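Any read-out appearing in this document is the output of simple, stated calculations on the displayed coordinates, not a laboratory observation. Because the structure is predicted, anything quoted here is derived from the model rather than measured. Here the Cβ positions follow ideal geometry from the backbone for every residue, glycine too, while neighbour counts run over all protein chains shown.
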Amino acid sequence: MSYDFIAVDFETANDNLNSACSMGLVAVKNLKIVGGEHFLIRPANLHFAKKNIAIHGITPQTVRGAPLFPEVWAQAKRYFNNSIIVAHNAYFDMSVLKRCLIESELQMPQFNYLCSIQISNRACAGRRVGASLPERARYFGISTEGHHNAFSDARMCANLVIKTVKSLSEKTFQDFCKTHGDLSIKEFTALKPQKYFQRRRFENIATSEIVATAENFDEKHPLYNKTIVFTGELQKMDRRTAMQKAVNRGGIVKNYVSRKTNIVVRGIQDQALVGPEGTSGKERKAAELIEKGYEIEIIAEKEFLELLSLGEN
């Protein structure tokens, strides 16, 4: 049976992305949920981090009698044959899948995938709504019950896509994809997966994906025509949302610091990545250029949010 798409969600036992302990799959046909499955998975070493247990409630005892990933994949792989796969923050879930396949020395399936953040952005553009799955679900009136249960989250993701397509008056998911030809549809075989969660702080966002949805710009806004770079983890919104808001004020977002950079927005740094001094490579580069006389501002998230709010009604 062919589907519009398959929504996928994984939970992991620890920071190693090959430690999938649960997978949810939800199949959508003609913009209706028509089936799905929920699998518990026994990680090879049964190592569960306390913080992961606190999120999803799965323990070593929960999965002690569950099958290993190769057994689960034997049942689940039929959903991935020539289907479009959708996940919320797809880079994370697709990295989990690929790491598990690599760890188990299984053949790589061929399919394309999309991120439901990017999909739902088409219906949320210009509105104050966060990018997390529960925030997007609540915006569309979708139940968030069971969040962090893999099947519940896959169903939430599926409903988010369905609601997005319908809200834009598209008759089919295929029509939606044709209308929005700039969607970043990616090949799973080309994915370069992350290995560890703490080293996957941010989705790998191509700045070419961040296109202004505002029709007019206030040329007097302090972010207008400014080149902006983000570093670290923002607390009030995810990086994609921050980038979108910046370009909607007429800003230009980049992923690297150069002589043309005007503003570096500094979030909270992961010391596992930046070391004990807590300074990222982007921030160090900006400081070096400032010393050479280039006019670059390094600002905190609070200052960035204050700049964003200027000119709002």
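Tabulated results
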read-out	value
Segment 1-65: Cα Rg divided by the 2.2 N^0.38 Å rule of thumb	1.31
DSSP beta bridge pairing in the chain, given as percent antiparallel to the nearest 5	55 percent
Listed residues 88, 38, 47, most fluctuating in the chain (Gaussian network, C-alpha, under 10 Å)	47
Pairs from 186/302; 178/245; 98/260; 171/226; 29/178 whose Cα-Cα separation, in the structure shown, is over 28 Å	186/302; 98/260; 171/226
Helix-only CD estimate at 222 nm, as mean residue ellipticity for the chain, using -39500 (n - 2.57) per DSSP H run (n ≥ 4)	-9500 deg cm²/dmol
Under 15 Å from residue 166, Cα to Cα: aspartates and glutamates that are on another chain or at least 8 residues apart	4, 175
Inter-label distance for residue 220 and residue 260, nm, one decimal - labels placed 7 Å from Cα along Cα-to-Cβ	2.8 nm
Gaussian network model of the chain, springs between alpha carbon atoms under 10 Å - residue of 259, 155, 122 with greatest fluctuation	259
Whole-Å distance, taken between Cα centres, linking segment 84-117 and segment 143-183	18 Å
Within-12-Å neighbourhood charge of residue 71 [Cβ basis; K, R +1; D, E -1]	+2
Kirkwood Rh and Cα Rg combined as Rg over Rh, evaluated for segment 208-309	0.96
Size-normalised alpha-carbon gyration radius of segment 5-199, reference 2.2 N^0.38 Å	0.99
Burial ranking of peptide ranges 263-269, 251-257 (average Cβ count within 10 Å, highest at the top)	263-269, 251-257
